[in-house]
1. Each residue of the range 10-27 in order: what ³J(HN,Hα) in whole Hz does its phi give by Karplus 6.51 cos²θ - 1.76 cosθ + 1.60, θ = phi - 60°, with x for Gly and Pro?
2. Any idea of the accessible area per residue across the chain, 1.4 Å probe, to the nearest Å²?
3. Among (i) 11, 12, 11, 10, 9, 9, 8, 7, 6, 5, 4, 3, 2, 1, 0; (ii) 16, 54, 28, 3, 0; (iii) 16, 31, 20, 16, 11, 5, 1, 0, which one is P(r) over Cα pairs in 10 Å bins from 0, in percent computed from these coordinates?
4. Å³ per residue of the Cα convex hull, for the range 38-82?
5. What ³J(HN,Hα) values, in whole Hz, does the Karplus curve 6.51 cos²θ - 1.76 cosθ + 1.60 give for the range 61-76 when θ = phi - 60°, with x put for Gly and Pro?
6. Report VAL17's accessible area, 1.4 Å probe, all protein chains in place, as a number in Å² to the nearest 10.
7. Give the residue from VAL35, ALA13, PHE70 lying farthest towards the positive end of the charge dipole for the chain; charges sit on Cβ (+1 for Lys and Arg, -1 for Asp and Glu) and the dipole is referred to the Cα centre.
8. Within the chain, what whole-number % of the accessible surface is contributed by carbon and sulfur, with the 1.4 Å probe and all protein chains included in the calculation?
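The values are calculated or read from the model by the stated rules, or taken from the named source; none is laboratory data. All values derive from a computational prediction rather than experimental measurement. Note that we place each Cβ from the backbone using ideal geometry, even for glycine, and neighbour counts take in every protein chain shown. Ligands, DNA and RNA are stripped out before the accessible areas are found, and what is left, the full protein with its side chains, is counted by its heavy atoms. Shrake-Rupley method; radii C 1.70, N 1.55, O 1.52, S 1.80 Å.
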Amino acid sequence: MVSLLCCGPKMAACGLVLSAWGVVMLVLLGIFFNVHSAVLIEDVPFTEEDFKDGPERLYALFERVSYNCFIAAGLYALLGGFSLCQSRLNKRKEYMVR
């Protein structure tokens with residue numbers, strides 16, 4: 001029988017903690033970028049031409065960074081799901097007869 005277990009219990013727990021923190025942090029960053037927070041202007045990749053036509057181009061850049069944060073949060077959620085599965089497989093392995 002092929003085992004899907006590829007991580008130990010400590011690595012699975014670490015993956016769960018890191019992915020939970022990553023999801024929370026990136027969702028909050030995505031929300032703040034989506035509302036065009038002025039504090040985060042340094043993290044937006046803009047050029048001098050983006051300031052010439054008004055704030056619409058800058059707002060589009062903010063929204064693009066916001067979508068990237070939400071996508072990264074989704075990837076962290078997938079990693080959390082994988083870590084949760086590994087944790088459950090490790091617990092089930094403890095009860096198996098050798």
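1. 6, 5, 5, 5, 5, x, 5, 5, 5, 6, 5, 5, x, 5, 4, 5, 6, 5
2. Working: 7440 Å² over 98 residues.
That works out to 76 Å² per residue.
3. The listed entry that was calculated here is (iii).
4. Expressed per residue, the convex hull around the Cα atoms of the range 38-82 is 67 Å³.
5. Karplus-based 3J(HN,Hα) across the range 61-76 equals 5, 4, 5, 5, 5, 4, 5, 4, 5, 5, 5, 5, 5, x, 5, 5 Hz.
6. Roughly 100 Å² of VAL17 is accessible to a 1.4 Å probe.
7. ALA13
8. That share works out to 68 percent.
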